[in-house]
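Worksheet: one structure, shown below.
All of the numbers you see were taken from the coordinates with simple rules; none came from a lab. Just so it is clear, the structure is predicted and the values come from calculations on it, not from any experiment. So basically every Cβ, Gly included, is an ideal-geometry build from the backbone, and we count neighbours across all protein chains shown.
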Ligand code: C5P
């Protein structure tokens, strides 16, 4: 009998708490973790470094396939691009914005698909992103769409960026986040949507622990059977 590997997808806009929650849930379940945003960010970072235009589909797709990207399982994780740790550099809003530019391109998304699918390994996977439940792991048995009000999300991003030592101001950040969210929502290729069957959780007024509890419930009831 073949046992299908369980996958939990957690999609949502930036600042919804996806990253923290996905990592904690993956740890609690003992499953692998995919931060798909970090893959798009790494590509954007590599493209910016090499002076590539962010709409050059052929070059970006080639870079997406050829870049040597390795993630550590630590928390916080290290991300090596061609052997160099870039975890800190890819965390900025500038790279996040560049990521959302390259993420609009069909050839880029196709080129990054295999990298993302390769994270699906026993005993299971928690996949964090924008299109995990709607495209990449469409067949996943567990899906969550995590959101929060724009204000709460901007404040959370501000705290995260400050914690990492980045210099940011709230007004500039709000407009950058709005711009990025709009781009992610209206794009033709794999826009940010609540996947069919995804459980909606609004984290605006919830503590991280409460969100983790609700997400665990989505998976647990089934695993306990
Ligand atoms: O989640 P994170 O903020 O790291 O994602 C950075 C950008 O990468 C997003 O704004 C989005 O444009 C893109 N992305 C995507 N699909 C994913 C994950 C991220 O298009 N699955």
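Of note:
- The share of C-alpha pairs in the range 7-223 whose separation exceeds 22 Å stands at 47 percent.
- The DSSP beta bridges internal to the chain are antiparallel in roughly 25% of cases.
- Working note: 222 nm ellipticity from helices only, DSSP H runs with n ≥ 4, each -39,500 (n - 2.57), summed and divided by the residues of the chain, gives -15000 deg cm²/dmol to the nearest 500.
- Kirkwood analysis of the range 29-126, using all unique Cα-Cα pairs, places the hydrodynamic radius at 13.7 Å.
- Spin-label model distance (nm) - residue 151 vs residue 27, 7 Å beyond Cα toward Cβ: 3.1
- Once the chain from residue 171 to residue 193 is taken as fully extended at 0.36 nm per residue, the excess over their C-alpha distance is 5.3 nm.
- Computed FRET value (nearest 0.05) for residue 68 with residue 106, which takes r as the C-beta separation and R₀ as 30 Å: 0.80
- The fewest-to-most ranking of 59, 118 by surrounding Cβ atoms within 10 Å reads 118, 59.
- Length-normalised contact order for the chain - Cα pairs under 8 Å, 6+ apart - percent: 33
- Cβ-derived FRET efficiency at R0 22 Å, residue 121 paired with residue 217, nearest 0.05: 0.35
- Extension gain for residue 183-residue 59 works out to 42.5 nm (0.36 nm per residue, less the C-alpha to C-alpha distance).
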